[in-house]
Amino acid sequence: MEKVRVVFFADILISDFDGASRTMFQLIGRIPDEQFEFLFVCGLGPEHINGFKCIHINTLGIPGNKSYRIATPLLQKAELDKTLQAFSPNVIHISTPSLLGNYALKAARRLGVPVISIYHTHFISYVDYYVKNFPFLIDFAKQRVRDLLRSFYNQCDTVYVPSNSIMRELAAEGVRPDVMKLWERGIDRSLFSPAKRNPALMQSLTGNDRPCILFASRLVWEKNLQTLIRLYDLATQRHLKYNFVVAGEGVAREAVEKQMPGAVFLGHVGHEQLAEIYASSSVFLFPSVTETFGNVVLEAMASGLPCVIADSGGSGDFIEDGVNGFKCSPYDAAGFLNRIIEIIEHPELSRQFSEKGQENSKRYIWEHLAFEYFEDLKYLSFNLLVV
């Protein structure tokens, strides 16, 4: 049986770089190579991925965000065109509507092959952070982003969207409902589990046995770090004996660390240790409003850690307020703090959130999601052959 040939475009293909990369590698690590032949095209990534060739494209840095780079295919277009023609793909997968993504979309239309994409990034919500120094441009920039997203995704054959909330938002922005498909995310329950609880680890990290408020994410301003800082200030003013534990790296780390001098900053933490930290903390705090899904919230819930999160974005779909966690107005630091106190001071409520959160997390299974993805690739390929 002839293999389905897929070209996979992504600006960054580094396995543990961010949530989008982790999602992509959950699929890449499960490629049935007896059925599929992949070719990867990226800006940053290894020479080979799971035995498949990876072509590198020149990149440019992003002002204000040193960790990300954008692939710029223009100067390599002729070479890329020849490579794609020789590979003769059945399906093209595009990670994001970047310069590379738009090149891939045009190439797919030229070759007459279907396109599948995953909506990883809540682009509209990023505008407030990246254009904050030019407030008069915010509305214009948001409209421009809406136009670009609508144009890009409406030319795809299938767009995986990770939550119902984001599907409704995209539909309101003009993305066609018939191209969108709900495709959530999975959880490794052998890794994230209450069984990983290790109070001795937390004591070694904090130097005490006080309740631990955990924030785990990239340290970039679009994660609503301002609310985290204000919440820390309020807790300090009220002389609350809590540890604030921050796991993650990013361009904002130095600034946040200066404004939260009593917090414990762990930097980048490997998944094994992060699983122990989730299971051993008291409350998971997540004020971000830019999530399409919110992997860290799901990881915390699977670990039995009660969550207090922003009532915004895709991660809000996990929480039924007052049943398996709390949702707060995104910029209301006092509201977040009051909910955290409520959980810490009421063990029976903490237990309820822990149990309900674990129960809710059980339906998110990577094996099922990967199977669906590869079946969709075969379906798109088959339809191309039939046509």
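Grab the helices (runs of 4 or more DSSP H) fully contained in the range 19-128, keeping just those with 3 or more residues being over 18 Å from the mean Cα position of the chain (by Cα).
Result: 77-87, 99-111.
Of everything in the range 323-346 that's in a helix (DSSP H, G or I) and free of Cβ contacts under 8 Å to residues at least 40 places away in the same chain, which residue is surrounded by the most Cβ atoms within 10 Å (Cβ to Cβ)?
Arg339
One residue is enough: does the range 311-321 have a residue meeting the conditions in a loop (DSSP other than H, G, I, E, B), in contact with a Lys or Arg (Cβ under 7 Å, 6 or more places away or on another chain) and either free of Cβ contacts under 8 Å to residues at least 12 places away in the same chain or closer than 29 Å to Asn198 by Cβ (or both)?
Checked the range 311-321: at least one residue is in a loop (DSSP other than H, G, I, E, B), in contact with a Lys or Arg (Cβ under 7 Å, 6 or more places away or on another chain) and either free of Cβ contacts under 8 Å to residues at least 12 places away in the same chain or closer than 29 Å to Asn198 by Cβ (or both).
Please verify whether Leu191 is open to solvent by less than 60 Å² (accessible area, probe 1.4 Å) and either polar (S, T, N, Q) or outside any helix (DSSP H, G or I) (or both), treating the condition exactly as stated.
Judged against the criteria, Leu191 is a match.
Quick check: is even one residue across the range 148-171 over 18 Å from Leu285 (Cα atoms), open to solvent by less than 10 Å² (accessible area, probe 1.4 Å), in contact with a Ser or Thr (Cβ under 9 Å, 6 or more places away or on another chain) and among the polar types (S, T, N, Q)?
yes
Counting only residues that are of a type in the set (Val, Ile, Thr), farther than 19 Å from Phe374 by Cβ and buried (at least 20 other Cβ atoms within 10 Å of the Cβ), how many does the range 8-40 have?
Residues flagged as of a type in the set (Val, Ile, Thr), farther than 19 Å from Phe374 by Cβ and buried (at least 20 other Cβ atoms within 10 Å of the Cβ) within the range 8-40 amount to 1.
Would you please list the contacts, defined by Cβ atoms under 8 Å and residues six or more apart or on different chains, that run from a residue in the range 272-293 that is farther than 17 Å from Gln358 by Cβ to a residue that is of a type in the set (Lys, Arg) and open to solvent by 10 Å² or more (accessible area, probe 1.4 Å)?
Note: pairs meeting the criteria are Pro287/Lys223; Ser288/Lys223; Thr290/Lys223.
When you look at Arg5, is it under 18 Å from the mean Cα position of the chain (by Cα), farther than 21 Å from Phe293 by Cα, touching a residue at least 12 places away in the same chain (Cβ under 8 Å) and open to solvent by 20 Å² or more (accessible area, probe 1.4 Å), yes or no?
So Arg5 does not fit the description; no.
Can you tell me which of Val283, Val308, Val323 is at negative phi, within 19 Å of the chain's Cα centre (by Cα) and of a type in the set (Val, Ile, Thr)?
Val308
Residue by residue through the range 218-241, note down the ones that are of a type in the set (Ser, Thr, Tyr) and surrounded by fewer than 20 Cβ atoms within 10 Å (Cβ to Cβ).
Thr236 - this is the single residue of the range 218-241 that is of a type in the set (Ser, Thr, Tyr) and surrounded by fewer than 20 Cβ atoms within 10 Å (Cβ to Cβ).
Within the range 287-300, identify whether any single residue is in a helix (DSSP H, G or I), touching a Gly at 6+ places or on another chain (Cβ under 6 Å) and not aromatic (Phe, Trp, Tyr), and answer yes or no.
Yes, because at least one residue in the range 287-300 is in a helix (DSSP H, G or I), touching a Gly at 6+ places or on another chain (Cβ under 6 Å) and not aromatic (Phe, Trp, Tyr).
Could you say whether any residue in the range 246-253 is under 28 Å from Glu348 (Cβ atoms), free of Cβ contacts under 8 Å to residues at least 60 places away in the same chain and among the small types (Gly, Ala, Ser)?
Yes, there is a match, as at least one residue in the range 246-253 is under 28 Å from Glu348 (Cβ atoms), free of Cβ contacts under 8 Å to residues at least 60 places away in the same chain and among the small types (Gly, Ala, Ser).
So Gly262 clears everything in (1) at pLDDT 95 or above; (2) open to solvent by less than 20 Å² (accessible area, probe 1.4 Å) except one condition, right? Which one?
Among (1) at pLDDT 95 or above; (2) open to solvent by less than 20 Å² (accessible area, probe 1.4 Å), the lone unmet condition for Gly262 is (2).
Taking the stated definitions as given, is Glu320 surrounded by fewer than 17 Cβ atoms within 10 Å (Cβ to Cβ), closer than 28 Å to Ile28 by Cα and not aromatic (Phe, Trp, Tyr)?
Against the criterion (surrounded by fewer than 17 Cβ atoms within 10 Å (Cβ to Cβ), closer than 28 Å to Ile28 by Cα and not aromatic (Phe, Trp, Tyr)), Glu320 does not qualify.
The values are calculated or read from the model by the stated rules, or taken from the named source; none is laboratory data. Quantities reported herein were computed from a predicted structural model and do not represent experimental measurements. With ideal geometry, Cβ positions are generated from the backbone for all residues, glycine too; neighbour counts draw on all protein chains shown. Note: areas computed on protein heavy atoms with side chains; ligands, DNA, RNA excluded. Shrake-Rupley method; radii C 1.70, N 1.55, O 1.52, S 1.80 Å.
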